[in-house]
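A.B. asks: Just passing along the structure, written as structure tokens.
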């Protein structure tokens, strides 16, 4: 078995037993990155940096003073500021921006011994569901359509580079961010595990802000247990983020393997939307059967305000984005296009050249939604609806312990198929945005390939700060689904 | 008292409201740990948050909240236990985030009032609409380069209190009195140094005219008015301007105007149509500000005696005139000085010495009270020596002059210079007798009814004694001997 096919848990055991070194483990991934450069997963590769870190890990393995993630090669979504390493947010406006500081989440991961292979591609400023809005070009999913082998599939987005890299074995785990589904949807489309924790679990400090009240960091890996282990280190209170929770972080790996007997699983009526592909419904039903077989009880629930979730989300998200992105003005850092003229000319030229069409669209929509005369009709109403959506969940959790839904309305689609239709593109978030609006944790687990060879998964939604139940139930589904497909080896791996 | 102004078509009344931006006295900024010291080298007091680097988040500085609550309590205002920080969005080179974090719909402090003192001794209450906290912007500097503007972010993110008055003022004098009193309160509380020259207190003037008794007219807002004198001048200028517009049949345009301190005029900056749409919305990076009444009560318990309380106590407890009390409480350390000096002394006499002699001398020397060569204890001792007849008031002035020069204790000076009054009756009698003997003609005239000449004898006696005789004792003896 190739070193890149190991789980994180397996790699840590191998390192401890000195079956291979951290440098070897990292080098194997660096080689894989070179081999699959065409997937365009990484915006910036930091092989040298990873090997230096790995050498330090090896010293610790030699001395016996090892750290919890010692030597594990990770990819970092290029929205996390990394000290001394270019951080672009896949935007021209920050094309050459090198932070002098390290985000809280990445500094915690690196402090636990993880290494940094590079900065992963994403939709520009995390705005997108297909990783096609990146200034550095789209990411290509490592998976292939059986019927159209020449068609390139999207990895999902916005954390498309992260998901594709983990699926393609170009790193063992990766950071993501999830504002409306940006971890859970690409995880589903690439056949891996992705966790968006409760809002406030992870510090947002040092992560480029998109929509602050919705943004949350999270992790990708190929197993539920690996994801739980990474989340142990990604989470935690941070005084530098006023919205981060002081709640203690449990050892999430302890939840993996625990029985789910007696747990109540909510199945929301409103998620059975019209036009949902048969394969998605079928996968959902399979999930229900698996959970039943593990002793869980199925409960029908109602989340009546679900139909308002997308419009609500697409008011709040661009409103906050329009304000958060105001700082990219060409004055202090980043791109500046100054062709004479006054300050406003410089702003307009810089921002027109620096931002791509989707970013510009959101800034325009958000600015409009916050404008005098429209604020009450849009923003205030959206905030009210947001509260109703949260109340839906609170009511549902009186009857169930977690909720099972599809993570996305379809398997991966082809590159270019939806990019010219923003409404169609936004619909990809239909099952995920409610979770961000309510600030709840969500977990995607891969379950199978569809008849065309494209991955499918399931989404688990938990109570506020109850990631543990999600890891517990996610591991149960993982066991039942026994998903072993490998993008480069077929089902045989 | 009528403040109406006469125009060609009748009388007009000014309606004035003031918005004051007061920089909170604090070691660090409102949402970052950067220092706030005035006058540091440009861009040396700037954190990653203040420069709005990607991914940076604001964290509230609790001390600034405490200062705002303290200020609210000092204005007898309602403290809101729930308030919200919002973003005020606009683009400018010295506004790194592209928005200012401010408070809008839910300010930390609500309705309050400030009592102002007018020259004629009357007082009026001016309503305070609200006080809210917000971040300051940086500073744009346009005069350092022919084509470029420079930006200094030292001030970016410093905590400001915006204190908005009701449109309750009716004259430039009232506006000045309001600013004076507000500044005094801020300084007493230690929440803002009130220094308008350094920009730590800035003022915008809202002004409209109306016919007495009628509805408010259209107002203008004048910015950049950075001294109390400028506030008064801008009000006078703007009143004239608006009156001319109205009397010639025109309408005042609602707009923002700028005070030009060189040309002494206001000029249009932007009209209502060009006004920014600030797109306020709650800042998602900050939780709503919540505290309980116990927190407010705890701050309330630490409030110092405020200017008005002090003034009333000085008039009641010490029997001072309203004028004297007002002068003494104008600065907190002046009031402290007075009270220290008045310990065990006649308060009125002490007040006279502080106001007339001490402040006069300091003013002449260009010194602040904190730099006074004469401390309160020493001045108190001097007053005591007048009261216990050790020296006369006249000699006391000489002693005081030496104290100002040398910072010596008055007793030391009196001792060394031998200025003690002569109290030995025999010695006084001797001098009186000599004076009578030396001036037979005057004695004769006095005795024949020219009472006014008595002063001459007193003068002679004082002169002969070098001023050291107690004038009362001299008078008594003279009266007896001349009778």
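The values are calculated or read from the model by the stated rules, or taken from the named source; none is laboratory data. Remember, it's a predicted structure, so these values are computed and weren't measured experimentally. Heads up, the Cβs are rebuilt from the backbone with ideal geometry, glycines too, and the neighbour counts pull from every protein chain shown.
A.B. asks: Only one residue in B:291, B:318 is closer than 20 Å to residue B:76 by Cβ and surrounded by 13 or more Cβ atoms within 10 Å (Cβ to Cβ). Which one?
C.D. replies: Working: B:318 fails: closer than 20 Å to residue B:76 by Cβ.
Residue meeting the stated conditions: B:291.
The rows are residues; the columns are (1) away from chain B (no Cβ under 13 Å); (2) in a helix (DSSP H, G or I); (3) under 28 Å from residue A:88 (Cβ atoms); (4) at pLDDT 95 or above.
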| site | (1), (2), (3), (4) |
| --- | --- |
| A:341 | no, no, yes, no |
| A:352 | yes, yes, yes, yes |
| A:362 | yes, yes, yes, yes |
| A:368 | no, yes, yes, yes |
| A:373 | no, no, no, no |
| A:380 | no, yes, no, yes |
| A:385 | yes, yes, no, yes |
| A:388 | yes, yes, no, yes |
| A:393 | yes, yes, no, yes |
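A.B. asks: Could you say whether any residue in region A:294-305 is within 30 Å of residue A:365 (Cα to Cα), within 14 Å of chain B (Cβ to nearest Cβ), crowded, with 22+ Cβ neighbours inside 10 Å and touching a strand residue (DSSP E or B) at 6+ places or on another chain (Cβ under 7 Å)? Explain how you work it out, then say what you get.
C.D. replies: Initial filter on region A:294-305 (within 30 Å of residue A:365 (Cα to Cα)): A:303-305.
Add one more test, that the residue is within 14 Å of chain B (Cβ to nearest Cβ), and what stays is none.
No, region A:294-305 has no match at all.
A.B. asks: Separate question: Hey, could you check region A:280-293 for residues that are in contact with a strand residue (DSSP E or B) (Cβ under 7 Å, 6 or more places away or on another chain) and surrounded by fewer than 17 Cβ atoms within 10 Å (Cβ to Cβ) and say which is nearest to the other protein chains (Cβ to nearest Cβ)?
C.D. replies: So, considering only residues that are in contact with a strand residue (DSSP E or B) (Cβ under 7 Å, 6 or more places away or on another chain) and surrounded by fewer than 17 Cβ atoms within 10 Å (Cβ to Cβ), the one nearest to the other protein chains (Cβ to nearest Cβ) is A:288.
A.B. asks: Hey, among the residues in region B:53-96 that are closer than 25 Å to residue A:342 by Cβ and crowded, with 24+ Cβ neighbours inside 10 Å, which one's farthest from the other protein chains (Cβ to nearest Cβ)?
C.D. replies: Across region B:53-96, the extreme among qualifying residues is B:95.
A.B. asks: Those residues that are within 14 Å of another protein chain (Cβ to nearest Cβ) and assigned to a strand (DSSP E or B), I need them from region B:270-312; list them, please.
C.D. replies: B:270, B:281, B:282, B:289, B:290
A.B. asks: Which of the residues spanning region B:20-52 are buried (at least 17 other Cβ atoms within 10 Å of the Cβ) and assigned to a strand (DSSP E or B)?
C.D. replies: Within region B:20-52, B:20, B:21, B:22, B:23, B:28 qualify.
A.B. asks: In addition: Would you call residue A:326 assigned to a helix (DSSP H, G or I) and surrounded by fewer than 20 Cβ atoms within 10 Å (Cβ to Cβ)?
C.D. replies: no
A.B. asks: Return the residues of region B:310-351 that are closer than 20 Å to residue B:397 by Cβ and either in the same structural domain as residue B:185 (by TED's automatic domain parsing) or more than 20 Å from the chain's Cα centre (by Cα) (or both); say none if nothing qualifies.
C.D. replies: The answer is B:341, B:342, B:345, B:346, B:347, B:348, B:349, B:350.
A.B. asks: With A:59, A:77, A:68 as the choices, which residue is under 20 Å from residue A:221 (Cα atoms) and surrounded by fewer than 19 Cβ atoms within 10 Å (Cβ to Cβ)? Walk me through how you get there before you give the answer.
C.D. replies: Details: A:59 fails: under 20 Å from residue A:221 (Cα atoms); A:77 fails: surrounded by fewer than 19 Cβ atoms within 10 Å (Cβ to Cβ).
Result: A:68 is the single residue among A:59, A:77, A:68 that is under 20 Å from residue A:221 (Cα atoms) and surrounded by fewer than 19 Cβ atoms within 10 Å (Cβ to Cβ).
A.B. asks: What do you reckon, is residue B:113 part of a strand (DSSP E or B), touching a strand residue (DSSP E or B) at 6+ places or on another chain (Cβ under 6 Å), surrounded by fewer than 19 Cβ atoms within 10 Å (Cβ to Cβ) and in the same structural domain as residue B:285 (by TED's automatic domain parsing)?
C.D. replies: Values: part of a strand (DSSP E or B): yes; touching a strand residue (DSSP E or B) at 6+ places or on another chain (Cβ under 6 Å): yes; surrounded by fewer than 19 Cβ atoms within 10 Å (Cβ to Cβ): yes; in the same structural domain as residue B:285 (by TED's automatic domain parsing): yes.
When the stated conditions are applied, residue B:113 passes them.
A.B. asks: Okay, moving on. Mind listing whichever residues of region A:306-339 are more than 24 Å from residue A:370 (Cα to Cα) and either within 9 Å of chain B (Cβ to nearest Cβ) or at pLDDT 95 or above (or both)?
C.D. replies: A:331, A:332, A:333, A:334, A:335, A:336, A:337
A.B. asks: For the structure I just gave you, tell me whether residue A:257 is assigned to a loop (DSSP other than H, G, I, E, B) and under 30 Å from residue B:278 (Cα atoms).
C.D. replies: So residue A:257 does not fit the description; no.
A.B. asks: Which of the residues belonging to region B:171-194 are out of contact with any helix residue (DSSP H, G or I) (no Cβ under 9 Å at 6 or more places or on another chain) and not in a helix (DSSP H, G or I)?
C.D. replies: none
A.B. asks: Go through region B:412-451 and count every residue that is at pLDDT below 85, in contact with a strand residue (DSSP E or B) (Cβ under 9 Å, 6 or more places away or on another chain) and not in a loop (DSSP other than H, G, I, E, B).
C.D. replies: Final tally of qualifying residues: 3.
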